[in-house]
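A quick write-up on the structure given underneath.
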Amino acid sequence: MSSPRQTGRLIAVVGPSGVGKDSVMDGLRAACQNLRIVRRTITREAGLGGEDYEAVSDADFTQMAQDNAFCVHWPAHGLHYGIPADVLTDTEKGISCIANFSRSALSEADQVFDDLVVLNLTADPETLAARLAGRGRESAEDIAKRLAQAGKPLPEGLNVVTIANDGALDKTIHRAIQALGLTAKVPSEA
């Protein structure tokens with residue numbers, strides 16, 4: 001008798017700019033070594049800090065999309081973002097992956113992945129504004145636009161876990177591990 005196929009899941013991390021998606025993802029990866037952090041392809045200049053990403057030109061991104069290099073891709077904030085096609089292959093092999101995502105691409109991801117869970121991170125507006133100003137990538141006008149989008153709703157019908165990230169990062173990570181049912185390599189304290 002053959003055993004049922006183990007399918008990994010995609011954990012799509014969403015939340016407003018400045019909520020700490022990359023920090024939470026890094027913390028989850030450090031605590032759960034069996035979790036793959038997805039390196040997105042972005043039409044952003046290289047070396048701007050934050051996440052580790054593959055920087056490409058608009059023309060290269062368009063060609064990559066036409067060549068099916070992405071399992072999901074979307075435009076946001078004047079840029080284009082792509083999730084590499086091998087992420088779908090990994091989840092089909094039983095590897096769970098975690099990726100920084102856009103709320104606008106969640107419905108498409110739900111159609112592509114057999115097991116999608118959305119980790120929705122939140123924080124109060126003052127925390128978001130301070131974090132955005134501190135990273136120095138956006139103008140005051142850009143920060144105001146991003147804050148205006150902070151309350152944008154998620155598509156309905158998705159498996160969503162919501163965690164507040166206003167306090168200590170280690171506590172946020174502990175709550176996320178518990179809520180997502182992940183196995184940490186060592187017991188974490190909260």
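The values are calculated or read from the model by the stated rules, or taken from the named source; none is laboratory data. Computed from a prediction, not measured in an experiment: that's the story for all the values here. Note: ideal-geometry Cβ built from the backbone for every residue, glycine included; neighbour counts use all protein chains shown. Remember, those area values only see protein heavy atoms, side chains included, never the ligands or the DNA or RNA. Shrake-Rupley method; radii C 1.70, N 1.55, O 1.52, S 1.80 Å.
For Ser104, what accessible surface area do you get with a 1.4 Å probe? Give it in Å², rounded to 10.
Here the accessible area works out near 70 Å².
Given Ala184, Leu116, Gly136, which one lies farthest toward the positive end of the charge dipole of the chain, if we put +1 on the Cβ of every Lys and Arg and -1 on the Cβ of every Asp and Glu?
Ala184
Starting from the Cα of Lys21, draw a straight line to each of the aspartates and glutamates and keep only those under 19 Å, dropping any in the same chain fewer than 8 residues away.
Once the sequence-local aspartates and glutamates are set aside, what remains near Lys21 is Glu51, Asp52, Glu54, Asp124, Glu126, Glu138, Asp142, Asp166, Asp170.
Out of the DSSP beta bridges found with both residues in the chain, what percent are antiparallel (nearest 5)?
Among the beta bridges of the chain, antiparallel pairing accounts for roughly 30 percent.
Using the heavy atoms of the protein chains and a 1.4 angstrom probe, tell me the accessible area per residue for the chain in square angstrom.
Here the per-residue accessible area is 53 Å².
Test of understanding: what is the full-extension gain from Gln111 to Ser57, defined as 0.36 nm times their sequence separation minus their Cα-Cα distance?
So the chain would gain 16.7 nm between Gln111 and Ser57.
Using label points projected 7 Å from each Cα along Cα→Cβ, tell me how many nm separate Ala76 and Asn34, to one decimal.
Going from the Ala76 label point to the Asn34 one covers 2.8 nm.
What shape does segment 104-190 have by the C-alpha gyration tensor, where a ≥ b ≥ c are the square roots of the eigenvalues, rounded means a/c under 1.5, and otherwise prolate means a/b greater than b/c and oblate the rest? Let's see the in-between values first.
Numbers: a/c = 2.50, a/b = 1.21, b/c = 2.07.
Taking the square roots of the gyration eigenvalues as a ≥ b ≥ c, segment 104-190 is oblate.
Thr122's amide H: which non-local residues (gap 5+, or another chain) put their own amide H closer than 5 Å, with H modeled 1.01 Å from N in plane and none for Pro or chain starts?
Correct list: Ile163, Ala164, Asn165.
At a 1.4 Å probe radius, carbon and sulfur cover how many percent of the accessible area of the chain?
Here carbon and sulfur together make up 48 percent of the probe-accessible area.
If you take semi-axes √(5λ) of the Cα gyration tensor in Å from the coordinates, which of (1) 25, 23, 15; (2) 41, 22, 13; (3) 31, 18, 16 do you get?
Evaluating semi-axes √(5λ) of the Cα gyration tensor in Å on these atoms matches (1).
What full-extension length gain, to one decimal in nm, is calculated for Ala65 and Asp142 as 0.36 nm per residue of separation minus the Cα-Cα distance? Don't jump to the answer; show the numbers that get you there.
Details: separation 77, 0.36 × 77 = 27.72 nm, distance 2.72 nm.
Stretched fully, the Ala65-Asp142 segment lengthens by 25.0 nm.
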